[in-house]
Amino acid sequence: MAEQFLSQEEVRARIESLKGVLPAKLVNELLNRLSNLRISGRQLERVMKAVVAEYYKSVIDPGEAIGIITAQSVGEPSTQMILRTFHYAGLREFSMALGLPRLIEIIDARRKPQVPRMTIYLKPEYAHSEEKAHEVAKKIQAITIENVAKSIDIDYFNSTIVVTLDEDALSYRGLTVNDVKKALDRIKGKAGKVTVEGNTISVTVEVQEISALKRIRDKILQTKVAGIRGIKKALVVKESDEYVIYTEGTNLEAVLLLDEVDPTRTISHDIHEVAEVLGIEAARSMIIRELKEVLDAQGLDVDVRHLMMVADVMTWDGKVRQIGRHGVAGQKVSPLARAAFEVTVKNLIEAAYKGESERFRGVVESIISGRYVPIGTGYVELMLEHP
């Protein structure tokens, strides 16, 4: 007698019975995979048993030292990383740290990355047109007076800075002489005076010291005329069927306000900026993503759950903290654990001065004192019931 195939409702009912056993994500994935297949009751039973068995194999044992395993899993492959920097073709100056330098940046939670950058995705009406994507890139990139000036000279006798503008540079970026004048009006000060004559703008100030005039000239050079502050360069790259903008420099909050930008996919690679603009959960996801990208680019296979553990430890108290003596390791409750990491004498003296007590609840302090380590079999306590 041939086996009868289950209906879709029966398959769904049986798989949903695993909700108390498997995570919801696995149950949903199983439902999606089996939704359009013809399958018998016996076959479904075998599949369900195999999935549950594999799931339990992947679950860590109670009392396992997951912190040490995570440190080994991330630390060992990182010794095989190479020191290199990736350059985008056509722009020698546009580079980003990869490999070990980027890994160190993430783990140390550096406040300022070596090369702050963003990946900006556009809405469909702009993402599929190279011309529109370049227009958005021009709109995003910060244009300073230095970018549109042929020369900037100082007339020391009249205390005047003379800016000669480049017509071609202005027209390429869609700017006018008046736009530059408006930018200079904002910084000239109360006693300053801005005059325009053709393509030449003169800024007269009431300062006569040579050093002060040089400082004003430098300030004028860096004055923003258009674009978003902080975005030094914007490069349009075609990826699969859409155009994406990569930037050197970041300003996530300002970029997300642009109508042309897709705010659901646009990211800044500055983790602290992500935490400030989008919140700590977004920063946690960014840490996981960045760590995985760095390791994958080097061909190193590390289970994503180890990276999730690192991200959890770095963000659990609502702030992005480094793994080091100024962050996670330095904020341990145990004085001996802190002393075992770095600056031993200093930590012990501070703990003694403050009258801290050691409770021997962690691994490091238990090993130092020769006690049972609270992991594995040392994690289990037995109770004896007297008759």
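Where a number appears in this text, it was derived from the coordinates with a stated rule and is not lab data. Computed from a predicted structure; not experimentally measured. With ideal geometry, Cβ positions are generated from the backbone for all residues, glycine too; neighbour counts draw on all protein chains shown.
Summary of computed values
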quantity: GluC sites (Glu not before Pro) restricted to region 1-67 and DSSP loop, no more than 16 other C-beta within 10 Å; calculated: E3, E64
quantity: Out-of-range pairs (alpha-carbon distance over 31 Å; input K188/K319; K138/K188; K132/K319); calculated: K188/K319; K132/K319
quantity: Under 14 Å from the Cα of K224 - aspartates and glutamates, other chains or at least 8 residues apart; calculated: E146, D179, D185
quantity: Local electrostatic count, V364, Cβ distance below 10 Å [Lys/Arg +1, Asp/Glu -1]; calculated: +1
quantity: Distance cut-off 18 Å, percentage of C-alpha pairs in region 8-58 lying past it; calculated: 21 percent
quantity: Which labelled figure in [x] 28, 25, 21; [y] 56, 35, 16; [z] 36, 27, 18 is semi-axes √(5λ) of the Cα gyration tensor in Å, once derived from the coordinates; calculated: [y]
quantity: Residue order, fewest to most surrounding Cβ atoms within 10 angstrom, among L165, L213; calculated: L213, L165
quantity: Bins of 10 Å, starting at 0 and running to the largest distance - Cα pair percent for region 242-387; calculated: 9, 25, 27, 20, 12, 6, 1, 0
quantity: Of K292/K354; K219/K292; K112/K238; K182/K232; K193/K232; K181/K233, pairs whose Cα-Cα distance is over 32 Å; calculated: K292/K354; K219/K292
quantity: Global size of region 143-226 as Cα Rg and Dmax, reported in angstrom; calculated: 11.9, 36
quantity: Selection of trypsin sites (Lys or Arg not before Pro), region 297-361, meeting DSSP coil and at most 12 other Cβ within 10 Å; calculated: R359, R361
quantity: Value of [θ]222 nm, deg cm²/dmol, for the chain, DSSP H segments ≥ 4, -39500 (n - 2.57) each, nearest 500; calculated: -13000 deg cm²/dmol
quantity: Relative compactness, region 332-379, computed as alpha-carbon Rg over 2.2 N^0.38 Å; calculated: 1.17
quantity: Radius 14 Å from Cβ of S171, net charge of other residues (Lys, Arg +1; Asp, Glu -1); calculated: -1
quantity: Under 12 Å from K25, Cα to Cα: aspartates and glutamates that are on another chain or at least 8 residues apart; calculated: E16
